[in-house]
């Protein structure tokens, strides 16, 4: 699974760096030839980009290009995509199990597509619960990981009470009747406590890992009892999936849960956009690119909502960083020079600069938001 620490270190790779995003999905016809389509893209795009690089840096670029091409030819990536950051001092090959768009860059590390992917693919969780314990799984960027340290097992040793245990000597009559009823009541009381503890651990884990949604999965009676112990506010970002998942391998579990995650996200996104449209009064929320950019840079936004695939051009001040759609080449705030930037590149960087989370929406929610400008913000 992709390492969050690695992602945070990528901007610090000294330039110039070759940055490559490739769709290497082996199921696609273009990647089933010899050479595969992603190698053909790298060679053809590399020739075009080399002609645009000053002669002083062209030799270094071509050396990095050759090194990456050799790696891809010798080790066919089994994943759906790969992101590469390559320089003389450092190389990072990041496999991805989500679809990527082919891109090749030279200069500073290009993080735009990666940042969009991180915003679009928020981590989610699944907790398998039954009467033996709870197992915790994290889903992120098309991969599943079981978190062993979160595993929560039911300890039955503390239930043992001498006067309720089977006799240890022959000829001694076994416990039955009312004492047996008392034993079963105590067993159920222990299960009640286990379900309460499991619910609290799920809540704490979800908040610590920033997971949304979290699915509580398992036999009907078990998940219903755990679900009943979860706070109402938590349940808004969670769901129940009933069934026997105990024998599934992680990959099988991921395949079984993936449609549930997708359906939950589409419903959640549509509700989010609907509420934002009904609240766009300039106090609770704004919708539209100009208002959203302004409020974001004023520090008034607490969350951005963006339609998937949003594009366009902006101008950004090289001195103070103010960004908008104005055609002015001089910044009205500081008189600095303004340069053209792609909205796709500027928006995730602005969001991180002001520590504002981004929710990327697709489907019907994305269509409705695009009709209103493609972006909105909840306000502080």
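The values are calculated or read from the model by the stated rules, or taken from the named source; none is laboratory data. This is a predicted model, so every value here is computed, not measured. Note that we place each Cβ from the backbone using ideal geometry, even for glycine, and neighbour counts take in every protein chain shown.
Observations, loosely collected:
- Of the residues examined, residue 258 is one that is part of a helix (DSSP H, G or I) and outside the structural domain of residue 154 (by TED's automatic domain parsing).
- All of (1) in contact with a helix residue (DSSP H, G or I) (Cβ under 7 Å, 6 or more places away or on another chain); (2) under 24 Å from residue 342 (Cα atoms); (3) part of a helix (DSSP H, G or I) hold for residue 38 with one exception: (2).
- Top-ranked residue of the range 157-213 - restricted to ones that are assigned to a loop (DSSP other than H, G, I, E, B) and at pLDDT 85 or above, ranked as surrounded by the most Cβ atoms within 10 Å (Cβ to Cβ): 211
- The residues in the range 300-325 that are free of Cβ contacts under 8 Å to residues at least 60 places away in the same chain, closer than 25 Å to residue 380 by Cβ and part of a loop (DSSP other than H, G, I, E, B) can be counted, and the count is 4.
- Any chance residue 345 is surrounded by 21 or more Cβ atoms within 10 Å (Cβ to Cβ) and within 21 Å of the chain's Cα centre (by Cα): no
- Considering 72, 104, 42, 117, the condition of being under 21 Å from the mean Cα position of the chain (by Cα) and either more than 30 Å from residue 218 (Cβ to Cβ) or modelled with pLDDT of 95 or more (or both) is satisfied by 117 alone.
- Given (1) outside any loop (DSSP other than H, G, I, E, B); (2) more than 18 Å from residue 337 (Cα to Cα); (3) touching a strand residue (DSSP E or B) at 6+ places or on another chain (Cβ under 6 Å), number of the condition residue 280 does not satisfy: (1)
- For residue 11: the one exception among (1) in contact with a helix residue (DSSP H, G or I) (Cβ under 8 Å, 6 or more places away or on another chain); (2) surrounded by fewer than 20 Cβ atoms within 10 Å (Cβ to Cβ); (3) within 27 Å of residue 342 (Cα to Cα): (1)
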